[in-house]
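Worksheet: one structure, shown below.
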Amino acid sequence: MCHVCAAKDALNKGVGTPTRRAALGALGAFSMLGISAMAGMAHAKSPPKLGNVLSPDQAIERLLEGNGRYTSGKTQSRSFAETRAALVGGQNPYAAILSCADSRVSPELCFDEERGDLFVTRVAGNYVTPDILASLEYGVAVLNTPLIMVMGHTSCGAVGATVNALEKQAEFPGHIQSIVTALMPAARAAAAGPHKGSLVQAATIENIKQNVQRLQEATPLLSKAVQESKLKVIGGLYDLETGRVEVVA
Ligand SMILES: [Zn+2]
């Protein structure tokens, strides 16, 4: 029996007994070992990109500066050969992005960044699922990423479909309906309140805000990192016309 199974077995046998306390200790040690092992996978020695060791505010500044280069057409040149060797041993991205899957939105391009800089999770409608949350927790707890941006965009098809479902009771085939179900609280909230512009735009921004809050309050890892000021979670809206990312949450 491995030490984890032994610990679980001991837990089943006694509540509050010394055996149980020992078992809890063993499980705690295991989880610490697990995180250490994952961190070892992430970077064996020092972070491969020292320029990525930033505070949350510095990370926001860098993202927006990169977006400025992107919108003005002054993007940096890249050498994949140079960074390849540095990143073989690990990664320390300075920001995690929860983006829509839309092919017109590309986080590395719109922030003018390289491999190893952004930890990107994507799903149509940029909302938090259990798997997305797990990935973002890995980014923060293991890779020490100081910033998460939830990034929605103008003319989002997922949000548009949700507004259609709200206003016209539209239904969608296969598993697509699950996206609509996930985004519906934001669409309803936007429809219930005053809003400038289209309902799709208002629902897009509301969806970004709701998912920023969801991540800020996600226990146990992200909420703790936020409380300790190691992490900020913000929301961005990518404008398809200009390429500009506006901070909206
Ligand atoms: Zn979209």
(Q) So VAL150 ticks every box in (1) within 16 Å of the ligand (Cβ to nearest atom); (2) surrounded by fewer than 16 Cβ atoms within 10 Å (Cβ to Cβ); (3) under 21 Å from VAL248 (Cα atoms) but one. Which box is left unticked? (A) (2)
**Q.** Residue list for the range 109-140, restricted to those being away from the ligand (no atom under 15 Å from the Cβ) and more than 12 Å from the chain's Cα centre (by Cα)
**A.** LEU109, PHE111, ASP112, GLU113, GLU114, ARG115, GLY116, ASP117
Q: State all residues of the range 96-108 that are touching a residue at least 12 places away in the same chain (Cβ under 8 Å) and either within 16 Å of the ligand (Cβ to nearest atom) or within 13 Å of ASN126 (Cα to Cα) (or both); if no residue qualifies, say none.
A: ALA96, ILE97, LEU98, SER99, CYS100, ALA101, ASP102, ARG104, VAL105, PRO107
Q. In the range 180-227, how many are surrounded by fewer than 18 Cβ atoms within 10 Å (Cβ to Cβ), farther than 26 Å from PRO146 by Cβ and in contact with a Ser or Thr (Cβ under 7 Å, 6 or more places away or on another chain)?
A. 1
Q: Taking THR75 as meeting all but one of (1) surrounded by 16 or more Cβ atoms within 10 Å (Cβ to Cβ); (2) closer than 26 Å to ILE60 by Cβ; (3) of a type in the set (Ser, Thr, Tyr), write down the number of the exception.
A: (1)
Q.
Checking ALA249 against (1) in contact (Cβ under 8 Å) with a residue 24 or more places away in the chain; (2) part of a helix (DSSP H, G or I); (3) in contact with a Lys or Arg (Cβ under 9 Å, 6 or more places away or on another chain), only one condition comes out false. Which one?
A. (2)
Q) Applying the selection to the range 131-147, what residues are touching a strand residue (DSSP E or B) at 6+ places or on another chain (Cβ under 7 Å) and of a type in the set (S, T, N, Q)? A) SER135, THR145
Q: Within the range 162-179, count every residue that is surrounded by 16 or more Cβ atoms within 10 Å (Cβ to Cβ) and either modelled with pLDDT under 95 or over 23 Å from the mean Cα position of the chain (by Cα) (or both).
A: 4
Q: Say whether the condition of being free of Cβ contacts under 8 Å to residues at least 40 places away in the same chain and assigned to a loop (DSSP other than H, G, I, E, B) is met by at least one residue in the range 220-239.
A: yes
Q: For the range 198-216, indicate whether the set of residues that are among the small types (Gly, Ala, Ser), part of a helix (DSSP H, G or I), under 26 Å from the mean Cα position of the chain (by Cα) and closer than 24 Å to GLU137 by Cα is non-empty.
A: no
Q) In the range 63-97, what count of residues is obtained for those that are over 24 Å from the mean Cα position of the chain (by Cα), over 22 Å from GLY139 (Cα atoms) and in a helix (DSSP H, G or I)? A) 4
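The values are calculated or read from the model by the stated rules, or taken from the named source; none is laboratory data. From a predicted model like this one, the values you see are computed outputs, not experimental measurements. Glycine also receives a Cβ, built like all others from the backbone with ideal geometry; neighbour counts cover every protein chain displayed.
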